[in-house]
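The values are calculated or read from the model by the stated rules, or taken from the named source; none is laboratory data. Predicted model only: the values in this text are computed from it and were never measured. Please note: Cβ atoms are built from the backbone with ideal geometry, for glycine as well, and neighbour counts cover all protein chains shown. For accessibility, only protein heavy atoms count, side chains too; no ligands or nucleic acids. Shrake-Rupley method; radii C 1.70, N 1.55, O 1.52, S 1.80 Å.
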Protein chains: 2
Amino acid sequence: MLQASLRSGAAHRTCTFEVFARRLPPGRRFGVVAGTGRLLERLEAFRFGRNELDFLAQRGIGDDATLDFLSRYRFGGDITGYAEGEVYVPNSPVLQVTSTFAEACLLETFVLSVLNHDSAIASAGARMVMAAGGDPDAGGRPCVEMGSRRTHEFAATAAARAAAVVGFAATSNLEAGRSWDVPTLGTAAHAFTLLHDTEEEAFAAQVDTFGPGTTLLVDTYDVEAAVRKAVEIAGPALGAVRLDSGDLVVQAHEVRKLLDSLGNTSTRIIVSSDLDEYAIAGLAAAPVDAYGVGTRLVTGSGAPTASMVYKLVQRQDGTGAPVPVEKASQNKASAGGRKQAVRGLDHDGRAEAEIVAAETTVVEAGYTGRELQIPLVIGGSVQPGTTGPEGVQHAAQRHRASVEELPPAAHRLSEGEPVIPTVFV
Amino acid sequence: MLQASLRSGAAHRTCTFEVFARRLPPGRRFGVVAGTGRLLERLEAFRFGRNELDFLAQRGIGDDATLDFLSRYRFGGDITGYAEGEVYVPNSPVLQVTSTFAEACLLETFVLSVLNHDSAIASAGARMVMAAGGDPDAGGRPCVEMGSRRTHEFAATAAARAAAVVGFAATSNLEAGRSWDVPTLGTAAHAFTLLHDTEEEAFAAQVDTFGPGTTLLVDTYDVEAAVRKAVEIAGPALGAVRLDSGDLVVQAHEVRKLLDSLGNTSTRIIVSSDLDEYAIAGLAAAPVDAYGVGTRLVTGSGAPTASMVYKLVQRQDGTGAPVPVEKASQNKASAGGRKQAVRGLDHDGRAEAEIVAAETTVVEAGYTGRELQIPLVIGGSVQPGTTGPEGVQHAAQRHRASVEELPPAAHRLSEGEPVIPTVFV
């Protein structure tokens, strides 16, 4: 596309591409925008180096003009979008990239990869945090991200970051801690117990190293016997025990009773083992203090991609005037024109609609609400507050506020329609 | 675990960890091992640098002995495993890592991330290639990987590689082409058509640049009109047209008829649009020449992780003698001891069972068949033929041979049991 448009001259037309999801994953009530900070962190490094250019030349991909363009590539346009952490629904214009066709079309795969992955994880994670009772600072039970081993090694780090955006309390992914200052938390695996000649020796080694406040994994052999050993070795200050198999509801009750009977009333119970939002909800009445969530989080709990697309909605014509464009493809039609979006709020400040305007402005159409789009990149410069640890903190704040604003139906795990309708004006 | 085992002294015990999947994704008949080459390519670079060590020190993660160990870390043990591309079933010991506990336990997340991701993609892709008729050299219709934008940006490259292992003919991911010499193939998106003032101008620009042998996307506005324009502009040598929306079966028939009526009998029809193995099978009788597969491939077609685990199965005791170990956790029990595996074959060379032996050897137990485990790393040295472009080629060969050896039931897309049983001896 780059080569042919450079040759036809259309490459230099100013274009706006919009990112949106035509629909949410089946049954989901809302989605969460995530990955924006990661995208912006890498944007300035999105260049074509000698290795890449040599490969293209050697394969005969791209003529001289194309390779020359790539060698000088640096995004110099504008990006506007929903703040990271924001809730979205079908057709929310979550990102808009405005630049020449040549500059903007090269970003498509990168932009979509980051947003589709991270938003899928965040959208699943948000439901898990809700099922766990919401923000831990407001009484929810903490969720800990432990899924690195069940997804691609770099996707794992991004997933840990996305989990932090939607309110996970910590991650086992140390690289996410290093990159974005996310709280980290370690765990002992069954291998640590099996490594030692007896379970007692394993527990003693762990308590000896980390003190009684550590978390002991008690389901390697016999849970009841292990809990007794754990209490005997660590004493009343034992921090927590972890259950990672079997019927967690039944076991949580049994272990709580046993711990209490042994005087360890402040020892917490952490559960893990293929937890998802439904399993977490099913444990709401069980005496559980924290959830370790792995596979189902990092694979998006049934929806591993957010299915966002990157569509050309506006371009210059031959005279330089902006023209809205849209395709008419069966079941994949798009709406032309650069969109404005506000979240329509009722008198109590509760979200009631996603107002999306193309040909006119939202204000002209008589709608008011919370404006959803903010400048992210201006003339190639990434705007402050969007990247690094600060970006994650802002995103987590935005997410909490956006979720609080939603109608109560947002908390339903049962399948249903998006929690607010998208209204095109 | 590292810190506590360094302190207890158990860190230095020689251990074997095994990687296996307890079960296949629901209904799947077999899995495909993939990612081994990627794993081995990165193994020698798996170190802890100044940035990582500083972060750990600053967070207070790891005492001096632990950080000192990490600063000198380099895997020096042995790895044995199924060849990349090999078929696996439940409890196949697809990888064995033997070293000290400290050395081997640090690899867990890395090993599982790579194998779980790449094997999930390969296992889904293998079914798609089968549904498309198998190896293109033997009459199958080529499948092209086009899913980069629907998964994490680095997972995308790994997915393109995994697709090549199971017989995809090409990928749109240029970085996979650069890294592993995988054939690449570009496509024009709807944006290219929308960029130009008319569809004719877009087609003319593409044909002008790439010649008539190019593939024109014909479903931006009206398919019939677009096909007529495409033929008019490119002539009888038009390479292909692509359909990316709507009812592909109906449209493929209509477009074939139209192309033939216009004299373009050699112009091929390429289809894409959320294809998976079932959609590909549904198009078997339609006049389609190639499949572009995206989202459903890179998300594992419903099974985005292979759910492999990394379990300690053998360790030294205090005297240095090897001891098999296993956990007894409810629904997650493991079988102790380092396993041998052969694929049991019948008189016609058809696979009939996965023979897995722990306490004894397969030969002693009276079984014969094709040995499945090969040395991958010896004393920290990666064995030749496993990495880079050569690794992908060998894996693709291994995959073709392994699939050919399976019973016909392997080709069934309907849900069912693993195609061969796992027999423990």
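Below are the figures for this structure:
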{"item": "Residues (assigned to a loop (DSSP other than H, G, I, E, B) and either of a type in the set (D, E, K, R) or more than 11 Å from chain A (Cβ to nearest Cβ) (or both)) located in the range B:61-73", "result": "B:D63, B:R72, B:Y73"}
{"item": "Qualifying residue in the range A:329-344 (condition: within 14 Å of another protein chain (Cβ to nearest Cβ) and touching a helix residue (DSSP H, G or I) at 6+ places or on another chain (Cβ under 6 Å))", "result": "no"}
{"item": "From A:L312, A:L283, A:L275, residue being closer than 30 Å to A:R149 by Cα and in contact with a Cys (Cβ under 9 Å, 6 or more places away or on another chain)", "result": "A:L275"}
{"item": "Residue selected from the range B:176-189 under the condition under 28 Å from A:A333 (Cα atoms) and within 8 Å of another protein chain (Cβ to nearest Cβ), by the criterion surrounded by the fewest Cβ atoms within 10 Å (Cβ to Cβ)", "result": "B:G186"}
{"item": "Only one of A:P304, A:P287, A:P322 that is closer than 30 Å to B:R242 by Cβ and at pLDDT 95 or above", "result": "A:P304"}
{"item": "Residue check for B:A306: of a type in the set (A, V, I, L, M, F, W, C), open to solvent by less than 10 Å² (accessible area, probe 1.4 Å), touching a residue at least 60 places away in the same chain (Cβ under 8 Å) and not in a strand (DSSP E or B)", "result": "yes"}
{"item": "Selection status of A:L216, part of a strand (DSSP E or B), open to solvent by less than 20 Å² (accessible area, probe 1.4 Å) and touching a residue at least 12 places away in the same chain (Cβ under 8 Å)", "result": "yes"}
{"item": "Close pairs (8 angstrom Cβ cut-off, 6 or more residues apart or separate chains): on the phi > 0 side of the Ramachandran plot in the range A:333-348, outside any loop (DSSP other than H, G, I, E, B) anywhere", "result": "A:G337/A:V313; A:G337/A:Q314; A:G337/A:P324"}
{"item": "Hits in the range B:247-293 - residues which are part of a loop (DSSP other than H, G, I, E, B), in contact (Cβ under 8 Å) with a residue 24 or more places away in the chain and touching a Ser or Thr at 6+ places or on another chain (Cβ under 7 Å)", "result": "B:S273, B:D276"}
{"item": "Restricting the range A:383-421 to residues that are touching a strand residue (DSSP E or B) at 6+ places or on another chain (Cβ under 7 Å) and open to solvent by 40 Å² or more (accessible area, probe 1.4 Å), the residue that is farthest from A:E84 (Cα to Cα)", "result": "A:P421"}
{"item": "Sole exception among (1) within 14 Å of another protein chain (Cβ to nearest Cβ); (2) surrounded by fewer than 24 Cβ atoms within 10 Å (Cβ to Cβ) for A:A83, by number", "result": "(1)"}
{"item": "Residue check for B:F154: aromatic (F, W, Y) and either touching a residue at least 40 places away in the same chain (Cβ under 8 Å) or away from chain A (no Cβ under 11 Å) (or both)", "result": "no"}
{"item": "Matching residues, the range A:146-160, being part of a loop (DSSP other than H, G, I, E, B) and of a type in the set (A, V, I, L, M, F, W, C)", "result": "A:M146"}
{"item": "Test: A:S301 is more than 9 Å from every other protein chain (Cβ to nearest Cβ), closer than 27 Å to B:L275 by Cβ, of a type in the set (G, A, S) and open to solvent by less than 20 Å² (accessible area, probe 1.4 Å)", "result": "yes"}
{"item": "Some residue of the range A:126-145 being among the basic types (K, R), more than 10 Å from every other protein chain (Cβ to nearest Cβ) and not in a helix (DSSP H, G or I)", "result": "yes"}
{"item": "Selection count where residues are in a loop (DSSP other than H, G, I, E, B), touching a Ser or Thr at 6+ places or on another chain (Cβ under 9 Å) and within 14 Å of chain A (Cβ to nearest Cβ), scope the range B:219-238", "result": "3"}
{"item": "Residues (among the β-branched types (V, I, T) and in a helix (DSSP H, G or I)) located in the range A:74-117", "result": "A:T109, A:V111, A:V114"}
{"item": "Residues of the range A:248-291 satisfying the condition of being closer than 27 Å to A:A156 by Cα, out of contact with any Asp or Glu (no Cβ under 8 Å at 6 or more places or on another chain) and either open to solvent by less than 10 Å² (accessible area, probe 1.4 Å) or among the charged types (D, E, K, R) (or both)", "result": "A:D274, A:L275, A:D276, A:E277, A:I280, A:L283, A:V288, A:D289, A:A290, A:Y291"}
{"item": "Restricting the range A:1-58 to residues that are assigned to a helix (DSSP H, G or I), away from every other protein chain (no Cβ under 11 Å) and not β-branched (V, I, T), the residue that is surrounded by the fewest Cβ atoms within 10 Å (Cβ to Cβ)", "result": "A:R50"}
{"item": "Options B:V363, B:V342: the member that is part of a loop (DSSP other than H, G, I, E, B) and of a type in the set (A, V, I, L, M)", "result": "B:V363"}
{"item": "Lone unmet requirement of (1) in contact with a strand residue (DSSP E or B) (Cβ under 6 Å, 6 or more places away or on another chain); (2) open to solvent by 60 Å² or more (accessible area, probe 1.4 Å) for A:G369", "result": "(2)"}
{"item": "Complete set of residues in the range A:311-328 that are facing chain B (nearest Cβ under 9 Å) and not in a loop (DSSP other than H, G, I, E, B)", "result": "A:K311, A:L312, A:V313, A:R315, A:V323"}
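For (1) of a type in the set (K, R); (2) under 35 Å from the mean Cα position of the chain (by Cα); (3) more than 10 Å from chain A (Cβ to nearest Cβ), each residue gets a yes or a no:
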residue	(1), (2), (3)
B:R149	yes, yes, no
B:L174	no, yes, no
B:A191	no, yes, no
B:H196	no, no, no
B:A202	no, no, no
B:A205	no, no, no
B:T215	no, yes, yes
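Yes/no matrix, rows are residues, columns are (1) in contact (Cβ under 8 Å) with a residue 12 or more places away in the chain; (2) closer than 18 Å to B:A124 by Cβ; (3) in a loop (DSSP other than H, G, I, E, B):
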position: B:T386; (1), (2), (3): yes, no, yes
position: B:E390; (1), (2), (3): no, no, no
position: B:H394; (1), (2), (3): yes, no, no
position: B:Q397; (1), (2), (3): yes, no, no
position: B:L413; (1), (2), (3): yes, yes, yes
position: B:G416; (1), (2), (3): yes, yes, yes
position: B:V419; (1), (2), (3): yes, yes, yes
